Amino acid sequence: MSYLIPLFRQLLAPTAKRFDRALNNPKIAQQNVRRDICDRLIQSEYGKSLGISSAADWQRVPIVDYDRIEHLILADRTSQKYQSSLTPERILFYEKTSGSSGAVKWIPYTPALRKSFNQMFCVWAHDLIQNGPKFSTGKIYACISPQLELPDSAPENSLTLANDLDYLDGWLRWLLRPWLVMPEKLDRLQDINCFKQQLCLALLQAENLETISIWSPSFLEINLKYIQNNRFFLQEKLLGKISNKRATMLKEPQIPWSEIWSDLKLISCWDAANSADGTQGLRSRFPDVLVQGKGLLATEAPMTIPLLKAGGCVPVLDEVFFEFEDGKGNLHELHELSSGEDYQIILSQKGGLYRYRIGDRVRAAGIYRQTSCLEFLGRHEATSDLVGEKLHESFVRQILECLKWQGTCFKTLVPIAHPPHYILLLDRAEETPEILAQHIDCALSRSTHYRRARLLEQLAPLEVFISPQIPEFLALSRIRSGSIWGGIKHPILATYPMNAAAFCELKFHIQSHS
């Protein structure tokens, strides 16, 4: 298969070269993509209702969030037709978001939007082959998530993109198939334990695995832990299917992961904001593997691509039109960004979202060619407010980052409604829960509103729970509510209270595994 990799690079080269040319002149590239998007808007019912007749009318298009256009999307979706009022192009399907905040959102996918994701993948893959590790086997595991909803319970025109490669055009999926580690019908399994068993058996048989592409680093950590805890059972199931050397490694008290997959060269996953700790954990497990952060990628659109030669993430400027709002509410185009400044993204894409406030914050972090690299900072000022304490994500992050966490890869602060208080959830820590609770409660009290709520006993004392089972418990809870396992983000600060039943279940789960 090694001889095919250079051929694959040549196939991707024209797309990569076009993208490089766009990076050399971001102003022109963005003008061209805005014109293309505006032409689609003009032909749509939505554009006609706004009176948009040319690109000169762009500033008349309102800046919207999902709530402003939800009624249009839901009306189109429930009509069971594959036409939309937002775009003249046919709708392939509606994809459900699995973000960490708010209600479920349905995003219409058109051929042009899918092509945008396809272009992003081609540029990324070309850069890795050209500038990254020397791939030889090409074997790749692309994230697959279980489907817990029954097929007939899903709307006819909906689809969950459970596999990384579902974002790609058919020809590229077909081309990549020989390199995939993909157990048959794995994405249809509805039992979590059965899913983990089948996935781990397949991964353990993939001795020449070179690339693991996932979303959240906790997804891989959970499956590594499953292998570790069930190593004797898995070793027995794999008799005659793996070498004696690999079978012996599975019997060791601490499985040597770097030897299990000695050909592994790349792990692609989120590494920014709340995923930074988990990514660091993977780097310690696989010290000789390139653990590369994914670009900023949402269900709504591809936004940035990590390029090794850029040393950061560059915007997908030839497929998505970007506007950036600074702290004073002023709007800037891509070529107008100031290095080191923070912005909120407002995007327009080819699937029917125009001037859409997606809620992500980025920092202009240096220049590659003539284009600003963008560093993902997190969601726009997430806030938790049970009784008026108004805790902000940035404040909580600052407090937690100041503490010395030896071996901790997972942490999230969660509000509890009854009685009102906060719990800090950790996968591991050296300090006792009681000592940590005192330190963190004291640090949070630097906030005037939080301190007042504590003094007035509106908020009960903070609690700390420590268990390696916590990340998986929270993931399974989110899966039951319709999220995609591989794409679950655990925020540093949850903005919605955990209900009483879930809190009781969490405490029972921790006690039963302690």
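The values are calculated or read from the model by the stated rules, or taken from the named source; none is laboratory data. These numbers come from a predicted model, not from an experiment. Cβ sites come from the backbone with ideal geometry, for glycine too, and all protein chains shown count toward neighbours. Heavy atoms of the whole protein, side chains included, go into the accessibility calculation; ligands, DNA and RNA do not. Shrake-Rupley method; radii C 1.70, N 1.55, O 1.52, S 1.80 Å.
A few notes on this one:
- On a per residue basis, segment 170-235 carries 43 Å² of accessible surface, using protein heavy atoms and a 1.4 Å probe.
- Compactness of the chain, taken as the C-alpha radius of gyration over 2.2 N^0.38 Å, stands at 1.00.
- Summing +1 for each Lys or Arg and -1 for each Asp or Glu among the other residues whose beta-carbon sits under 13 angstrom from that of Glu389 gives +2.
- Taking every lysine pair in segment 14-120 that is 8 or more places apart or spans two chains, those with Cα atoms closer than 25 Å amount to 11.
- Considering only alpha-carbon pairs that sit under 8 angstrom and 6 or more positions apart, the relative contact order computed for the chain is 16 percent.
- When the charge dipole of the chain is built from unit charges on Cβ atoms (+1 for Lys and Arg, -1 for Asp and Glu) and taken about the Cα centre, the candidate among Leu189, Ala75, His126 whose Cα reaches farthest toward its positive end is His126.
- Rolling a 1.4 angstrom probe over the chain with all protein chains present gives an accessible area of which 50% lies on carbon and sulfur atoms.
- Residue ranges 283-296, 62-75 sort as 283-296, 62-75 when ordered by packing (mean number of other C-beta atoms within 10 Å per residue, highest first).
- Shape analysis of segment 230-333 yields a ratio of the Cα radius of gyration to the Kirkwood radius, Rg/Rh, of 1.18.
- Over segment 325-405, the Kirkwood radius and the radius of gyration, each from Cα atoms, give a ratio Rg/Rh of 1.05.
- Net dipole in debye of the chain [+1 Lys, Arg Cβ; -1 Asp, Glu Cβ; about Cα centre; nearest 20]: 900
- Packing-based ranking, highest mean first, of 316-328, 36-48 given that Cβ atoms within 10 Å are counted: 316-328, 36-48
- As computed over segment 1-110, the Cα convex hull volume per residue (Å³): 179
- Taking all protein chains into account, the per residue accessible area for segment 1-147 stands at 45 Å² (1.4 Å probe).
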